[in-house]
Amino acid sequence: MTPAAMIMNLDRDLAFTGETVTLQRTAIDGSTGAITVSDQVTCPAKIRSYAPQDLAAGDVQDIQVIVSPTGLGAFGVPERDDRIVIRGDTSNIERIRPIYYGPSVRLVRVDLLCRG
């Protein structure tokens, strides 16, 4: 399977079963500590939520999100300080796992672990 075919299959699956999310690139003002959104992209994603492992965690959930490089466009691979808006709720991106494939080492998918 080629990287292009992998991306095409993921895009098709996300269009059929995915939800729309918004990824936000954030910037922190060094003097005030205020967080501002410097860039954002809306894209389809596969979302899977997990109940908290710690009873004291309250309403916090771990959320696995899969996005295609097609939906990311110029935004690029999300970064550790970026945020994601899922169904109107903002979550922090805790881990990013870009998946590359093929001899050209092409990005074919991005797995995110979010907490919110």
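The values are calculated or read from the model by the stated rules, or taken from the named source; none is laboratory data. Note that the structure is predicted; figures quoted are calculated from it, not measured. Here the Cβ is made from the backbone with ideal geometry for all residues, glycine too, and neighbour counts use every protein chain on show.
Just a few scattered comments:
- Members of the range 78-112 found to be in contact with a Leu (Cβ under 8 Å, 6 or more places away or on another chain), of a type in the set (Val, Ile, Thr) and closer than 11 Å to Ile63 by Cβ, listed by number: Ile84, Ile93
- Residues (farther than 19 Å from Glu19 by Cβ, surrounded by 15 or more Cβ atoms within 10 Å (Cβ to Cβ) and of a type in the set (Ser, Thr, Tyr)) located in the range 70-110: Tyr101
- Residue in the range 66-79 that is charged (D, E, K, R) and either farther than 18 Å from Asp39 by Cβ or in contact with a helix residue (DSSP H, G or I) (Cβ under 9 Å, 6 or more places away or on another chain) (or both) present: no
- Any chance Arg48 is exposed (fewer than 15 other Cβ atoms within 10 Å of the Cβ) and either under 19 Å from Arg12 (Cβ atoms) or modelled with pLDDT of 90 or more (or both): yes
- Screening Leu10 against (1) surrounded by 13 or more Cβ atoms within 10 Å (Cβ to Cβ); (2) closer than 17 Å to Cys114 by Cβ; (3) not polar (S, T, N, Q) leaves a single unmet condition, (2).
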